[in-house]
Each structure stands twice: as C-alpha cells, then as structure tokens.
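Notes to accompany the following structure.
Read-outs throughout are calculated quantities, based only on the coordinates presented, and are distinct from any laboratory measurement. Because the structure is a prediction, the values reported are computed rather than measured. Glycine gets a Cβ as well: all are built from the backbone with ideal geometry, and neighbour counts include every protein chain shown.
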Amino acid sequence: MTSVTVPQSSQAVVDAAGHRDPDRLLPADPRTRSIARALYERVAGAPIISPHGHVPAEWIADDTPFEDATSLLVSHDHYVTRLLHASGADLGALGVGGAPTDPRAAWRTFADHWHLFAGTASGYWIAEELSGVLGIEVDLGPDSGDAVFDLIAEKLRRPEFRPRALFERFGIEVLATTDDPLDHLDTHRRIAESGFGGRVIPTFRPDRYLDPDAEGFTAGIDRLLGATGEAATFSGYLAALENRREHFIRAGAVSADHGIEDPETFDVDPDEADRLFHAVMSGAADAAQRRVFRGHMLLQMARMSVDDGLVMTVHAGVVRNHSSSTFRSFGPDSGHDIPRQTDFVRGLRPLLERFGLERDFHLVLFAVDETVYSRELAPLAGFYPSVYIGAPWWFLDAPDAMARFRSAVTETAGFSRGSGFIDDTRAFLSIPARHDTARRADAGFLARLVAEGRVTEGAAGNIIEDIVGPQPRRVFKL
Amino acid sequence: MTSVTVPQSSQAVVDAAGHRDPDRLLPADPRTRSIARALYERVAGAPIISPHGHVPAEWIADDTPFEDATSLLVSHDHYVTRLLHASGADLGALGVGGAPTDPRAAWRTFADHWHLFAGTASGYWIAEELSGVLGIEVDLGPDSGDAVFDLIAEKLRRPEFRPRALFERFGIEVLATTDDPLDHLDTHRRIAESGFGGRVIPTFRPDRYLDPDAEGFTAGIDRLLGATGEAATFSGYLAALENRREHFIRAGAVSADHGIEDPETFDVDPDEADRLFHAVMSGAADAAQRRVFRGHMLLQMARMSVDDGLVMTVHAGVVRNHSSSTFRSFGPDSGHDIPRQTDFVRGLRPLLERFGLERDFHLVLFAVDETVYSRELAPLAGFYPSVYIGAPWWFLDAPDAMARFRSAVTETAGFSRGSGFIDDTRAFLSIPARHDTARRADAGFLARLVAEGRVTEGAAGNIIEDIVGPQPRRVFKL
Amino acid sequence: MTSVTVPQSSQAVVDAAGHRDPDRLLPADPRTRSIARALYERVAGAPIISPHGHVPAEWIADDTPFEDATSLLVSHDHYVTRLLHASGADLGALGVGGAPTDPRAAWRTFADHWHLFAGTASGYWIAEELSGVLGIEVDLGPDSGDAVFDLIAEKLRRPEFRPRALFERFGIEVLATTDDPLDHLDTHRRIAESGFGGRVIPTFRPDRYLDPDAEGFTAGIDRLLGATGEAATFSGYLAALENRREHFIRAGAVSADHGIEDPETFDVDPDEADRLFHAVMSGAADAAQRRVFRGHMLLQMARMSVDDGLVMTVHAGVVRNHSSSTFRSFGPDSGHDIPRQTDFVRGLRPLLERFGLERDFHLVLFAVDETVYSRELAPLAGFYPSVYIGAPWWFLDAPDAMARFRSAVTETAGFSRGSGFIDDTRAFLSIPARHDTARRADAGFLARLVAEGRVTEGAAGNIIEDIVGPQPRRVFKL
C-alpha cells in the first residue's frame, strides 16, 4: 500500500449526536435552501422507480441474507474497489471478480482508506447506507473498522435486513434487472408467483450477440439460433432476437438496454446485411465490416423496439476493460472502464432518419461524456419525440454532476424530456441513497430557478413531483 | 399528442399582482444580488444594438400589423415549435414552413403545453413578451389559451404594436437583417428614405454561393455571374462576390455572415482554386474536392473582409436539417439543426495564418459547442487582434449558458475580446427580452466577481456599460 | 493601437485605505465564506512547494537584482503580452522574444491597457504582486503608469527585493526549474554549494530530442550522442537519454516533463523502433512514421521513469506556435500556443497497458482541454495507481477554472489523486499569488462541500492541509 499520511478524521457527515444533516446536498444560500427544502419534502417519501439496474433477481427470489460487510459494500462495487486500487490496494484481496478473500481483512483495508472517499459519490452513498439503512452511527476509520464490520454482521443476521424486507422498506415500486437474452427468466417468474408484492422485471441486454468483437460472439449466436430453432442466416438471426425479446416482454420487460462504445449506426440493405452476417460468423469480416455490422445491429434494435414497444436505452461512450492485465485477472466490470469522447449527433443519424419520428418509440440516451448534454442530447431530445435525455450516469451520478447536467439541458429542453433517475446499481443498499441524492439535487436546482425568478414555486413543485414518478413511468412505459 | 400528466400551474413568473420579479435572473445571495442590481440598473435602459438577426426588413418597411399570436410567437419560432414537436405536436398544424394552419387551434396546442417551457430560454422570453411587451398578465395555460389569443389579437390591432412603434419603444439603435447576396436591398433603401428614424442595415450572407453541397449551388452561381456580368471562371466568381459585397456596403452593411458546419479553411494557389471551381461547377468534384473548395472560399471571404472592411462573422458547428423527412416536409430552419463537436483551432489556422494579424480585420466566432469557449475561443481572441469571441448563440443564448460562457472565457481574455450581445432572432417581440437577459446575466456575473473581491464595483460598472454599447459598436464597426 | 473607449477606473481591488480584500476569492454566501476563511487560514502560511516551473536557475544562483518593471512583469509573461497584442500592441515594442525595447514606453502601454485585465488571472496576480509583494498601493492606469514604474524601480534596487531574499520571504520550500537534457546543471550545483538554504532542483525536459518534427531534431540527437559517447543506434539513443536522466537525478531532479500536442503512445518492438530511428535520423521518415516514433518515445520515457524513478509529467493538448509569422519574429512561447481537443484515454492506453500498474511509477497528466477532467482524468486516476490528475494548468490556472476542475474530478476521484498545485511560471513575483489563489479556491470548494453537508469541517481541514504540502511531496517524491 502506498503510505498516505492524511491525518484520519471523521468523514461521515454526522453531527455530535450521530445524525446526518437533514439539509445535506441543498444549496447553502439560506433563501434558496428553504425553497429547496420545501421542494424536496414533496418527494422525499415518494416510491422508488428503478427502471434500470443490476441487482441480481436471485437476491429477491431467494431472500437470502447478505453475507458480510465486504461482499455487501466493497467487493462488488467497482466505484469503491477502483479508488482503493488507485490508492495501492490489491483487487484480488478485495474480492473483485470473485477472488477468494478474507472479508474482515478486506474491510479493514476499506476502513483504513475511508477518508479517501471524502467528496466522492461513493463516499456519500456509503455514509448514507451506514447511517440511514443500517443505523450505524460509528465513525468509520482505521480504529473502528473491526467494530463496524461486526455491527454490520449483527444487522445482516436480522430478518429486517434481508432483501425483501429492505425492498419494501425502501419503497421500491418497480425494480428492473439486466439479463442475458438467453436467460430463461425463471427467477423473475419465481418472484412473481411467490406472492411477494414487489415488482421485479427483466431487461433485455443483447450486447454480446450484436458485436462481432465481443468475446465468444459466434458461439453466442450459435446458442441463440439453437435456442430459438432459427436458421443461420441474417433473417434467422433477427427472428431469433425478436423471439427472445418477445420472451422478455411476456416476463414483464419494458426495455432493451445497449452498452456500446461508439453510438454509431449504419443503414444497410438486407442483402448487404446478410453478407455481413456470414462474414462475421465465418471470421472473414475485417474491422470495417465488423463496425458496420455492429452499427447496423443497433439500428435493427431500434427497428425491433418500434415493432414490439420495448423502450430502447443506450449507454454509450465507455472504453471497456482499459487495462488488459486487470481484465485477464478479474474479468469485466472490475473498475477500469473509462469514458471517451462521444458523438451522438452524427452517429445516431441513420437510426433517427429511420425511426426518430415513430410514434411510441422511446430512445433513452445515457452519456458519460458530459459535453454532449448541452451540445447534443438536449437539442436532439428537444426535437425528436422519440429521444429522451438519460439521467447523469455512472461517473456523473453525483450531486455536482447532476447540477451541471440540469444546467446544461434545461434551458434547451426543459424538464419533460429527461428519463427520470436511474440508479444503474448492483449495490442494493445504495438504492435509496442514490434516488434521494437525485431528489435533493433536483430540489436544489429548481430552488435556484425559483430564487432567480425564473420558475414559480408552484411550477417547481409540479416539476419535481413529475420527475420522480410520472416521468420515469411515462418514459419507461411502466 | 403524447399524454403528459404534469398538473398544470402557473409558470409565467408573476407575483399575485401580476408583476414580474424585478430581480429576476440576478444571483440569489443577498449581497451579490444588491451589487448585481446596481450594475444592471446602469444599463437597463441603454439602447439596443442588434448587429446580427433575422427580422425581415419588410416588417419595418411596410409597418404592417402582426397577424395573430400564433404567427407572431409560435409558427416562425423554431425554439418553440421544436419542443412542441418533441412533445408530440404536428409541425404542420403549428404552421411551420408556411403550412396553412388554424391559428387559434395552434395557439391552444401551445397553451396546453406552456408548462413544458418552464426553465427554458424560450419560456422566459415569451413570459417577458406577454408581460413586458404586450402587458398581458393572464397566466397562460389550457384554461386561458383562448382568452390570451384574443387579448393578443386586440393588442396587435393597436398602432402602438405595429413594428415601427415597437422598434422605437424597444430603443433599437440599429438592427441588422440577414440577406441573400443577390438581394437588391430595395427594402432597406425604402426604410432609409421613408423618414423612419430607425437604422436597419443588411448583412451579406453568401453560404449557398460558397458551398458546393448546398442545394441549387451551381444554379445560384449562374445567377450570381449573370447578375454581375462576370465570367464563369474562379476569378470571375470572386469578382462577382466582391461586387455584391460592395453593393451591400453601399446599402449600409457592416458585416458578412457565414453559417458553416465545420470551421475548416484551406489555402490553395489560384490555379488549383480555378481547377476546383470548374470541378464543382461541372459536378465532377468529389467529396474531398468539394470540402477543399468550401474551406478555401471561407478563407477567400476573410480576404475580402480584409479588403473591403466588412466584419466577418462565423456561426459554426451545426448539422443542418438532421431529419431529412422533416426537411422535405417543412424546409430549413424547422427545428432539427443540431450542434456537433467543433475545432476552430486547427480548422481556422490557414485563415489566421494569412489574415489573423491584419489591421482592422474583425472575425467574430460564434459557437454552439460550448467546450470551445475556454479551450479555443478565449485563447484565440486573447492573442489575435482580429478575433472576437461571439456571444453565446442559439441553444446557449440563455442565462445559465451565459454564466458558463463568461466563466469560461473571462479569466483568459477578460471582457474586451467579446462581440457584445447579438439576438440572432426573427422573433421581433423577443428582442428586448433577449438583450435584457444578457444584461442581467452579465450583471450577475460581474457582481460575483465584485463580491469575491476580484473586480471593484467601479470597474464592473465601466465594464457592463462597455459591453452593452461601445463594445458591439467597436466590434461591428457601427 | 485600437482605440478602446472604456472609461479608466480602478481595477486593482484595494479598498479606500489601499488594502486588498482579505476574503478575496472566497465564496460570497456568508456561512460558506466563514467556513472557507477558517480552512484558508490553516494553509495560508504553509511553505510553497513548486515542483514544476520555469524560473531560470541563474536568478537564484547570481541573485542579481531584477532590472525594471517591464522585464519583470511584462516582456517575459506571455499571459500579459498576448492580451496586449490582441488589443493592438506590438509584441516587439513590449520586448517579447528579447526584442530591444524602451522599458518605460512598454510599461506605459501596459498601464494604459491595465483595465483590460479586469477579471483575468493575470490581472489578479499582478494586482497581488503590486500590493502584496511590492507594497505599491497606487492604482495602475494611464495617469499613474510612470509613477508606478519609478516606484517599482526604487523597490528593485533594495536588497530585500533580490531573488534570494524573495525566495525566502515567499517561503519556498522547493523550486523546480525546467532544463535541457544537455544542460550541465552547474547553476544548480552552484546554488547548492553556495550556502543558500533554498532548494532549487532541475527538471529533465527532453521534448526536442524525442519529436522528429521539432526544430533541429537530428542535430540535437547528434549533440546528445556526442555528449554521452553513445552509438547512433536506437539503443545508443536510449542509453544516451538514460545517461542524461541519471545526470539530472544526481543533481536533485525528481521529475521528467513532457510537453506534447497529442498524448498518443505506441508500443513497437525493438527492431521496428530501430528502423524508425534510422528513418527519422536520415529524414526518410514520413509523417506516419514520425508520429509513431514520437508516440513510442513517450512510452520509452515512461519505461525509463519506471526504471529510474523520475516522476513523469505530461503537459498535453497545445498547438504550439499557431501563428507562424509571430513565431518567426519572436520565437516560441510568444503567446500563440492554443489548446485543442485531447484524448488521453485511447492515446495513453499503450503506455498504461505496459506501465500503468507499476509500483512507484508516477504519471501526472496536465490538460488544457478541461472536458477531460470528468471524462478521462478522474476515471483514469481513480483506477491506475500510477496516474495523478495534474492541477489546472495555463489557461485553466485561475479561480473559476479551479472550481470547475474540483467539481469535475472530486466526485469520481476524491482529493487524493491530484498532483497538488504547480505554478508553472517564469514570473517569479507571481509565485506566492498563484499558490495563494489555489489555496483560496480549494478552501472555497471545500467550504461548499461542508456547507452542503457533504464533508465535515474536520475532514475538510485535513484535506486542505494535505493538498498544500504532503500531496505534492508524495506525488513528486520530494
């Protein structure tokens, strides 16, 4: 470990009595803050709508207790492990990628470095989870790491901290998972038939079946065709994908999600598409052909969304697995996906030329290159009825970034063209903190508009209520 | 129409007595606000200088009353129609592109969706126009749409709401229109000779005669050569353009405006230019040649500006007519021009190598990719005596975007290297609201610098007075 | 000179009694300001660590008095001369590039245009220098220019304004210079052996020996090989560079600095590298080969840093010498280097694939394209233990830009992954003002997080103390 000599001190934001500041994240100016507080209170207790995320359906289906503080809050949270890694920690010792680990030792490493998270989104969420969800008011740090680990363990053994109880306590109205197209979705069926009141729906995520450069692409297509009984032709391949989308829709899915580096689309004729299909399947396709195929499949996904009604969400602009050696050791999602410049305007034009004006087509665009907010996404969503501006995502899912986002898009597109908040998380305990952060950030932004005489308090109240509930229900057809 | 379930409520920002907040747009912090108010008051009543815009000269020449609320505030305002379109409205029904429409029905659609404009620049301007210009204090909404339509109609019949009366009431010192190089400019001459005190000047806008990819390019060149009697050679073509610029200068023009997607320039020798000219005229030029020709003509325009003194304004970075089917139905300027990444630094280098240091050459650069403000425009304008930073334009012509703009450029280039505000609008009634917005935004920005001890109140007062009057007069040679 | 008609008025921010606002640069909101003041006071008097800059070592070695106001504050400060040039001044008359000049006349030009610097970083620094360092409370302007020139001359004659006295008064703990690889470093040795307590260390800056497009590249390599006795092969060339780095390390260097336009790296095998070396030395290499060579040498520099421990700093994204005619007249660093779009994520990937996870490798990335902060640098530094986010540099070394920087990086990477402040300056008198500005800006940013309930005051105090001292010592291995 690099020796970092910052004096240790409280970073969890609790007062002497161990309580979080009730006005946290609200603007400092007293008048603006009082407006913001009133706006926030209108939505603080509203149900949580989570139309995109990565919580495993098994957790809800099986309702098994969470194991320990490390597996719950560290190992699977790449926001946390990446910053620990940057500070010298070994990813394997933290349990990344399923590496066997000593949970208590990993937790100690986290506790020792807790002060590094001051000012980060992760640090804020975890402080919220410890205090708000787990009711632990002890200050995390090198001296308290073991005690907090034990306190968490004690909580996790209680029935009220099992997944279903928390689901209800969090007020989750709907929770979407993210699933492989060949998933049988039995787990979702099991939840639905279990009598559990919570709505847990799958999301169709076909990336690996669309990108010839994805690992195991051709084997995946073979499995897909095998599972659906379709022929090894481009039209068979499309039919197989349509078949699986239908399967997802029957299981309650409302959206198909696409994670891509470059939001580039190509409109090619069926013969050319068929030639490309055979080229990518035989391995004969060169880089240019693979690129066109990939971009054409994104356009085909839009076509299928127009046909079957699944909302199309696109998460674009991330170079995945930037460090090959880390990828080899720990697999994907191990903390080294890095954003890059993104061009939605020219890249999506072929798709929008075909489907941008289609009734009931919903295309939600999520970006990690925040320069696109004012330049591309607000202008696109402010014209195309199909386009919605995705909430600030991943590295941008944080209070300051949210304020920049609202400032960047609102003057062009208002509030109605947004997606509503998505938490996009596997960190189940962080779900209420994430949604609460967005509500506070939006209350703060709207309060400034009110204080500056740009929006009335009445209109601001209507807007924040719309953002939190009706908007995501509308956009995600819930 | 998509059903949007936001509860309707006041969005026009008026108090119980129906008045706009006098401190609107000023910063919320009380001390900063009081400094901002004092700065704003120094320029609130200053004359309006509008060196770039799209008001038809006929309106002033003929002084005919405006028709109705829809044609005045909706049909021709692509800021308004685009957001209505995104929300499900039909562009044709709104009268876009001259489509025949039922004005009252179109206005109802607008009134029904008025709440969607909360927080947008358009919403702010229209609230200002209704209250400040038209004196209508009724809250717009589904219930009041018809009444407001009738109230506006009643106003528009009065002499004090005819164009010339408003021109004078708005305190417009000079208003520039935007005109085709082959325009005879009789309308401008008619205004000048009419005894009307207001100064209305033309602007030379030659895009369609410079870009081989523009619709009707070769036919346009033929007309240009025919009108000027020049030969169909590159030098004849240049002479024809020079001839028309001279015509504009005689009619009072002070600037030539260039709307381009890519601010790219090429310096080629005369023989090569002549070869390119013949290639683009014969249709033999490939994409690369057309690109070089276009980029060379931008450089030639700079050369002509050096020679004849017309200020050169460049509006760059917009993909025009992103939706081909909308373009086919409703023509250009129908709301689907979308910004893209822009590179002024490398693109304009050939032009600046040739003319960047020329005395009395003025090159004003307008951007819709706001990343260029701190990275490119402030550094360029902070070195080249010819380069001025264009005011935030189009999607960026809004209070928050203006604050980001000032923050991005001032620390490098101060206040003296800006263009002064331009309204760039055809929405005649919005002109005072737009200029007032810029004055308030600048007062707010300067007030923060004063409150933070970075500029004295005296200096800030001098600066805001300079920005509003002397600066645009200097930059646009008025 | 262009005639600028702004009324002249005080721009130096002094009160009636001639004192600077003690709360300058701190946020206006009273509660936030009081938190910020307390944080600032913890570090206001901390020693200055300056691990990267351009002060000539001779100034400290010889301790000769500064000449006059113009050579001290104008001629060599391209921030100042560039804005004067944009406003119509002649660079030669200002003494740029060593042009013979009349210092008093040049100073008058500066004084006449002093109001143009309101709101700029340079204006702020110079106001600080006049008031804080030189104790001159006279308001600069056309009427006082001569008097201030004389006052400064009078000060500069005093022993307490000679370089070493100022070095001590400024509280400089360590000052790094920037040096040519073939520099014998005798000046640094002379300082070290002189009994002067201050630590002045060299920095290895090899750009001109790595870039085949640099002026005099092959002659430089010949000199390098001659000086080290190495063979004219790629491995001889590498050995020569390693030899000179070792020489620098023995003289106290802790870092090697790389100024490049494009942060692009290539990993090629030794045979290919040798072929490229011979091609660039013979002049046979085409643009593509020169690019690969340059990008490979950046990767080799990382390899050497891994081997010898020198911190690798990269200053990327600047188009140098944008105006060729200015370059021909006044040489490099004459004010027309302009930032451009930068891509660290894909460009540095080959380098990071090889060395990004190496223990004790420190790679500090400085940017002038601020879009990379949230998109690229925070995500990279938040994963790779080797990567540190360089402080806002050059055009971004200013209060608002610093606030944007902290906002952009902190939510992803916290505070620990930054480089600490660097002043990067030759303007010796501005060093305390620059460091003080960063301390005030960080205090303001942290105070906002405290006021918004995101970080405790205790943690904020620890963080600001770490940023100012331990962090740069850690990152630069001091």
Amide H contacts of B:ILE49 (H built 1.01 Å from N, under 5 Å, at least 5 apart or other chain): B:GLU173
Residue-by-residue Karplus 3J(HN,Hα) for region C:190-200, coefficients 6.51, -1.76, 1.60, Hz, glycine and proline x: 4, 5, 4, 8, 7, x, 5, x, x, 9, 10
Antiparallel bridges, percent of DSSP beta bridges restricted to the protein assembly as shown (to nearest 5): 10
Two-decimal Rg/Rh across the protein assembly as shown, once Rg and the Kirkwood Rh are taken from alpha-carbon atoms: 0.95
Rg/Rg_globular for region A:169-475, with Rg_globular taken as 2.2 N^0.38 Å and Rg from C-alpha atoms: 1.03
At q = 0.22 Å⁻¹, base-10 log of I(q)/I(0) for region B:219-348 (Debye sum, equal scatterers on each alpha carbon): -1.38
Tilt relative to chain B, helix B:270-282 - C-alpha long axis, 0 to 90 degrees, to 10: 70
Three-way shape label, region C:85-226, alpha-carbon gyration tensor, a/c 1.5: oblate
For C:ARG199, distant residues with modelled amide H under 5 Å away: C:LEU175
Region A:54-111 and region B:54-99: distance between their alpha carbon centers, rounded to Å: 58
Under-5 Å amide H pairs with C:SER255, H placed in peptide plane, nonlocal only: C:PHE204, C:VAL311
Euclidean distance between Cα centres, region C:375-444 to region C:123-157, Å: 29
Nearest 10 degrees, 0 to 90: helix A:457-468 Cα axis against chain A principal axis: 60
Computed over region C:108-162, Kirkwood Rh from alpha-carbon pairs, angstrom: 11.6
J(HN,Hα) series, region B:137-143, from Karplus relation 6.51 cos²θ - 1.76 cosθ + 1.60, nearest Hz, glycine and proline x: 9, 6, 6, 6, x, x, 7
Using alpha carbons only: equivalent-ellipsoid semi-axes of region C:318-407, gyration tensor based, whole Å: 28, 17, 11
Rounded to the nearest 20 debye, dipole of region A:65-161 from Cβ charges on Lys, Arg, Asp, Glu: 220
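How would you rank A:TYR373, A:TYR79, going from fewest to most other Cβ atoms within 10 Å of each one's own Cβ? Spell out each step's value before the answer.
Details: A:TYR373 25, A:TYR79 22.
With the sparsest Cβ surroundings first, the list reads A:TYR79, A:TYR373.
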Cα centroid of region B:160-239 to Cα centroid of region A:258-278, whole Å: 46
Sum of side-chain charges, B:PHE330 neighbourhood, beta-carbon under 15 Å (Lys, Arg +1; Asp, Glu -1): -2
Region C:171-319: antiparallel DSSP beta bridges as a percent of all, rounded to 5: 0
Bins of 5 Å from zero: percent of alpha-carbon pairs in region C:65-161: 3, 14, 27, 28, 20, 8, 1, 0
Exposure proxy ranking, count of Cβ atoms within 10 Å, fewest first, for A:GLU358, A:GLU411: A:GLU358, A:GLU411
Kirkwood hydrodynamic radius (C-alpha pairs) into Stokes-Einstein, region A:166-290, 25 °C and 0.890 mPa s, D in µm²/s: 151
Size of charge dipole - chain C - debye, nearest 20, with Cβ of Lys, Arg +1 and Asp, Glu -1, no other charges: 800
Average beta carbon contacts from partner chains per residue of C:455-464, 10 Å cutoff: 6
On Cα atoms only, tilt of B:30-43 relative to the major axis of chain B in degrees: 60
Debye log10 I(q)/I(0) for region A:363-417, one point scatterer per Cα, at q = 0.19, 0.20, 0.21 Å⁻¹: -0.53, -0.59, -0.65
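Counting only DSSP beta bridges with both residues in region A:169-475, tell me the antiparallel percent, nearest 5. Walk me through the numbers before you get to the answer.
Numbers: 2 of 22 bridges.
Roughly 10 percent of the DSSP beta bridges within region A:169-475 come out antiparallel.
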Exposure proxy order (Cβ contacts within 10 Å, fewest to most) of C:PHE327, A:PHE445: C:PHE327, A:PHE445
